[in-house]
Structures are given as C-alpha cells and as structure tokens.
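Everything below concerns the one structure shown next.
Coordinate-derived values only; no laboratory data. Computed from a predicted structure; not experimentally measured. Cβ placement follows ideal geometry from the backbone for every residue including glycine, while neighbour counts extend to all protein chains displayed.
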Amino acid sequence: MSNLSIQRVRELIRAAGEARLVVLGDVMLDQFVWGAVRRISPEAPVPIVEFQRESFMPGGAANVARNLTSLGASATLFGAVGRDVAADQLREGLAGDGVDCTGLVVVRDRPTGLKTRVIAHHQHVVRIDREHRGELSSRDAARLQASVVAAMARADAVLIGDYAKGVVTQPLLEALKREARGRGVWLSADPKPANPLELKGLSLVTPNRKEAFELAGRDEVPGCEDPMQDGPLLEVADHLLRTLGPAVLLITLGSNGMLLCQRRHKAVHIPTVAREVFDVSGAGDTVIATFTLAIAAGASPLEAAIFSNHAAGVVVGKMGTAIGTPGELLASFAGED
C-alpha cells in the first residue's frame, strides 16, 4: 500500500497546475522506426525489418519538460539545437505538448541530437545516434546562461537533464546553484558520471544504481532483491549524502523500484508498481520530472517519491519515450485499493 491517498494525489495534481518549472539540459529528438521481421538477411546474420511507420518524440531534457506539462504544469525548456529539420520536428512536438521552447538556443554547425530506434514486434532491434558532444562556444553558453538565470526569477523549481552532450558545464551549473540559493528555488539534477561535474549543493540528485556507484568512485557489485539488505548500495548512498550533501538522493533501481535517501533519515525502499514493462526509454526523465513537480506542489520527499514511482510505472507500460496523464496516474493509485 502507498502512503498517498487518492484525495492527496488529486490535491497534488491540482497544485501542479499552478507550478512553474524551468528545464535545462541536452535536448534531442527521438525517432522510432516501427516494422516487422519475417526473415534474416542473406547478406549477413541480421534481421530484415520491413518498414511500417515512424514516429518522432521529444527526448532528453525535452522529454523531462513534456512530463511536466502532461500533468498540467508550466515548463520552459532551455538547451541547444541546430539549424536543421530535427530542430523543427522537436519544436513541433514540444508545441503539441504545451512546452515553452523559446529558451532553445540555435547553434550554427551543431546538429540537433537525433536518436533513431528500430522496433520490431515490440523488440528494440538497434539504435543509431546522431549527435555532437562538444561544449557550446563561450558566446552561446553565455546566451544560454543569461536566459536561464532570468527565467529562474519566476520559477518554482529548476530541473537539469544532463546526458553528457556538452550543454551542462560546471560554470553553468555553478551559476544555477548561486541563483537557486539566492532565490530559495528547488534545484534537481539527473547526472551522468560521463560528464564529471561537481554536484555539491543540489536539492535532488537522481542516479540509477550503476550511476550511483560511479558517482561514488566505486565499482558496481551485484545487488540483491531487497535493497534494504544491499550493503554496498546503502554504503554508496551514505557516501553520496555525505560528500554531495543533497537534500534528497533518489536512486532508481529498475524493477526493484527506488531508494529514497535523506540525511539523518533511514533510507526508504519504494517497490515498483509497474505491472508490465514494455519500454524503459525515458523512465528516468519521468522520475525527476514528477518528483520535482510534486515537491513544487507541496509534497514531502516521501510523497514525491511515491508519486514519481507511480508515474514511472505508467510510462514503462508504453512503447517509446512516453508520458503519463493525470487520469492514468490516478488510475495507478486507484489500482492499489
């Protein structure tokens, strides 16, 4: 049983409709090529995928933003795109999701990140990435920083979606920390250890298990079914709380749910509520978005973790980079009664 009643979930969703959030990070376009496999290629031992259709969805930090607007919040997105067709498709998708994308900086000679996934019979066959991982020029970085800092004056919370593609740098992160501290704004980050940033002083950090070990500078070791008996994981969580000092550390554990960790509190294991898992693409985006949104709506960290756990359970039951609706979220909680 969850510690969140249907009435409380409704209250949080109503309050979420008044929340104003800023999302910054590496934006990309997710392309899904759907098809069927009936034979193996005579040229090589690989399946021949017969094309049926394709779809495009905002990905990366853009998916974080659309997870916010799907629950009624206001989200302004900041990042970098190229001057290309993928950028146009990304803006079109974001407009349909109600995301304000006026904060996207157009960078010459930098392609918009495009991830192409080939799906056959609900199976992920292959992924092709077209992207640029270099940092922005000093001029473009300054433009982006100035616009984000200005937007924070009207924000209830800021979310950083770092996918190690060059947009999120230490100078930018430090500027956001200073502004967040000065304004008392909640600052969340989904870090990528491949981009070694100094993460001290954040409100929320949301690594998965593997990333948590990497952030702690330790080799990952196999876990156990019960995270509360997973000694190495609990040691890593304690280390990150002491060294990074976030208000909340939320470690996502896939099919084992998530571990909520706070200083001077015992860790809390929140089991997954997913009934079927079709695709985990973007599940981490959903967690950081809905946890932060719940906090902005007045939830406690435990309430926010339960709220985001249900939201993640909704999206992994769908194919593609998915989002959940208020109705689906309420239905997930109702299913526990």
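Summary of values
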item: For peptides 19-25, 224-230, 171-177, sequence by mean Cβ density within 10 Å, most packed first; result: 19-25, 171-177, 224-230
item: Test item: Cα-centred dipole of the chain, Lys/Arg +1 and Asp/Glu -1 on Cβ, debye; result: 660
item: Listed peptides 284-293, 54-63, 120-129 by packing density, highest first (mean Cβ within 10 Å); result: 284-293, 54-63, 120-129
item: Fraction of antiparallel bridges per DSSP, the chain only, in percent to nearest 5; result: 45
item: Projected area, mean over directions - the chain, Cα convex hull, nm²; result: 17.8
item: For the stretch 82-96, 3J(HN,Hα) per residue [Karplus equation, 6.51 cos²θ - 1.76 cosθ + 1.60, θ = phi - 60°, Hz, x = Gly/Pro]; result: x, 9, 8, 5, 4, 5, 5, 5, 5, 4, 4, x, 5, 4, x
item: Burial ordering of Thr272, Thr112, Thr76, fewest other beta-carbon atoms within 10 Å first; result: Thr272, Thr76, Thr112
item: Quarter of Cα convex hull surface for the stretch 97-224, i.e. mean projection, nm²; result: 11.0
item: Point-to-point label distance, Ala164-Glu54, nm (Cα→Cβ direction, 7 Å offset); result: 2.7
item: Computed helical MRE - 222 nm, the chain, DSSP H runs ≥ 4 contributing -39500 (n - 2.57), nearest 500; result: -11000 deg cm²/dmol
item: Relative contact order (%) - criterion: Cα under 8 Å, at least six apart; region: the chain; result: 19
item: Sorted by Cβ density within 10 Å, fewest first, the residues Ser255, Ser203; result: Ser255, Ser203
item: Spatially proximal lysines relative to Lys200 (Cα-Cα < 25 Å; intrachain offsets below 8 disregarded); result: Lys165, Lys177, Lys192, Lys210, Lys266
item: Descending semi-axes in whole angstrom, ellipsoid equivalent of the stretch 189-245, from the Cα gyration tensor; result: 20, 12, 10
item: Angstrom value of the Kirkwood radius, inverse mean 1/r, which spans all Cα pairs in the stretch 20-147; result: 15.9
item: Karplus-derived HN-Hα couplings along the stretch 252-267 (A = 6.51, B = -1.76, C = 1.60, θ = phi - 60°), whole Hz, x at Gly and Pro; result: 7, 10, x, 5, 8, x, 8, 10, 8, 10, 9, 4, 6, 10, 6, 4
item: 5 angstrom amide H check on Asp230, placed H, neighbours 5+ away; result: none
item: Among Phe78, Val64, Ser5 - extreme Cα towards positive end, dipole of the stretch 1-94, charges at beta-carbon; result: Ser5
item: Computed over the stretch 165-275: relative contact order in percent, which uses C-alpha pairs under 8 Å that are six or more apart; result: 21
item: Cα shape, the stretch 1-85, gyration tensor, a/c 1.5 rule; result: oblate
item: Rotationally averaged projected area of the stretch 147-292 (alpha carbon convex hull; nm²); result: 9.2
item: Derived scalar couplings ³J(HN,Hα) [the stretch 122-129; Karplus, 6.51 cos²θ - 1.76 cosθ + 1.60; whole Hz; x for Gly, Pro]; result: 6, 10, 7, 8, 7, 10, 10, 9
item: Likely footprinting exposure, Arg66, Arg139, fewest C-beta neighbours within 10 Å first; result: Arg139, Arg66
